[in-house]
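Enquirer: First the structure, then my questions, so here it is.
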Amino acid sequence: MPSETDRRWFGKVGTILVALVVALLPVFALTRSFPLVPANHMFVFYNGVAVQLLSIRTENVEGDDHVTWTVSVMDSTGADLELVPSTTCRHVFPPRDVGVPGSPVDHAEDFEAPAPESFSWSDSCPSPGSGRWWLYALSFEDRTGELRYPTVTFAGKAH
């Protein structure tokens, strides 16, 4: 028969395991629904459109630190692309939106890429300094507001 000390120890271990499962379950569910891509990898959608993070860096903009991403989209579909990107940046530790709470970084221009060309752009958001881990989520809509591709999230460290 287990002693009182053994029961307490098993109780603590059980509590920790339950907490880990509860904490990791949403992460697993999100990565199954929305691709999570390391910053140094390219993501290719089902039809051949490829998205790549060319750089992630910390810059000083008018006295404030900002993290800036440069993104490239390659069109190998054989058809012209007309896309409206929507982006959001978040600190990984602690996980939170940056800038105005809950506000995405809206990209003001549409992109047109005749096949088989590519296009790129940069977006920025406020940063508390360099050396932080970030999540950069990217969605593409068409001009009617219809989501064209699943949201892709890049994870990387800005220097």
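The values are calculated or read from the model by the stated rules, or taken from the named source; none is laboratory data. Quantities reported herein were computed from a predicted structural model and do not represent experimental measurements. Cβ: placed from backbone, ideal geometry, glycine included. Neighbour counts: every protein chain shown.
Conditions (1) of a type in the set (S, T, N, Q); (2) in contact (Cβ under 8 Å) with a residue 60 or more places away in the chain; (3) in contact with a Cys (Cβ under 9 Å, 6 or more places away or on another chain); (4) surrounded by 14 or more Cβ atoms within 10 Å (Cβ to Cβ), marked per residue:
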| residue | (1), (2), (3), (4) |
| --- | --- |
| Trp133 | no, no, no, yes |
| Leu138 | no, yes, no, yes |
| Arg143 | no, yes, no, no |
| Thr151 | yes, yes, no, yes |
| Phe154 | no, yes, no, yes |
| Lys157 | no, yes, no, yes |
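Enquirer: Is segment 14-23 home to any residue that is out of contact with any Leu (no Cβ under 9 Å at 6 or more places or on another chain), modelled with pLDDT under 85, farther than 21 Å from Trp134 by Cα and part of a strand (DSSP E or B)?
Expert: no
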